[in-house]
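Read-outs: derived from the displayed coordinates by stated rules, not from any lab. Note that the coordinates shown come from a computational prediction; the quantities given were computed from them, not determined experimentally. Methodologically, a virtual Cβ is constructed for each residue, glycine included, from the backbone with ideal geometry; neighbour enumeration extends over all protein chains shown.
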Amino acid sequence: GAVVSQHPSWVICKSGTSVKIECRSLDFQATTMFWYRQFPKQSLMLMATSNEGSKATYEQGVEKDKFLINHASLTLSTLTVTSAHPEDSSFYICSARTGTGEEQYFGPGTRLTVT
Amino acid sequence: AQSVAQPEDQVNVAEGNPLTVKCTYSVSGNPYLFWYVQYPNRGLQFLLKYITGDNLVKGSYGFEAEFNKSQTSFHLKKPSALVSDSALYFCAVRDGGGFQKLVFGTGTRLLVSP
């Protein structure tokens, strides 16, 4: 149980285009989902927290107009990187939680490369 | 603010030997502590957590962690390392805010040699 999937697992896009990453909780309802970014050999940096049906809460320094997050249902959250640039290349990981006080379950990650 | 520190970038151990990956924490209030493992190009897998109760917490894959309040530590341990344990290990603490976010340490790479 408690499986989280991400799609795609890797994506290459050209600079200036937008790319959407999906995060799904497969066997549970996720009231809260988190989006992280991980640079090579570094820790996870939280980008934003989203609750189903509400606007996402972004961490300081994260551009909300660049990283659009939509938590449309209890099993799906999407991260759209708009007007991508090479510096947006990174490993993006989502996690989901059933409710307050519960642990987070992580997706397998999406590697984004912007050329 | 809650934080955790992992003082070692890398830990090397021979297969069959015991391993310890260190983590210290700084929190206000009761600490909610976690260990996760990450294999290359993969997301994080939950190993174990400490919320309350026994100071020795047992988790997945034979790992355990010892909560020490006086030393503010939560070290990850395993009695006998396997080559397949080689991975990146993260200690995390739950933030006390409304979203109860996780704050991660910088990670420790464990290399188990045959």
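Observations, loosely collected:
- Computed from the C-alpha gyration tensor, the three semi-axes of the ellipsoid equivalent to the stretch A:9-48 are 22, 16, 10 Å, from longest to shortest.
- Other protein chain C-beta atoms within 10 Å of residue C-beta, averaged over A:45-54: 2.
- Mean-position separation - Cα centroids, the stretch A:2-59 and the stretch B:55-108, in angstrom: 23
- Range of Cα positions in the stretch A:1-82 per principal axis (Å), largest first: 35, 26, 25
- Isolated Cys in chain A, by beta carbon distance under 4.7 Å: A:C13
- The lysines within cross-link reach of B:K69, meaning a Cα-to-Cα straight distance under 24 Å and a gap of 8 or more places when in the same chain, are B:K22, B:K49, B:K58, B:K77, B:K78, B:K101.
- Considering the protein assembly as shown, its Cα convex hull presents a mean projected area of 12.5 nm².
- Scaled radius of gyration (Cα, divided by 2.2 N^0.38 Å) that chain B gives: 1.02
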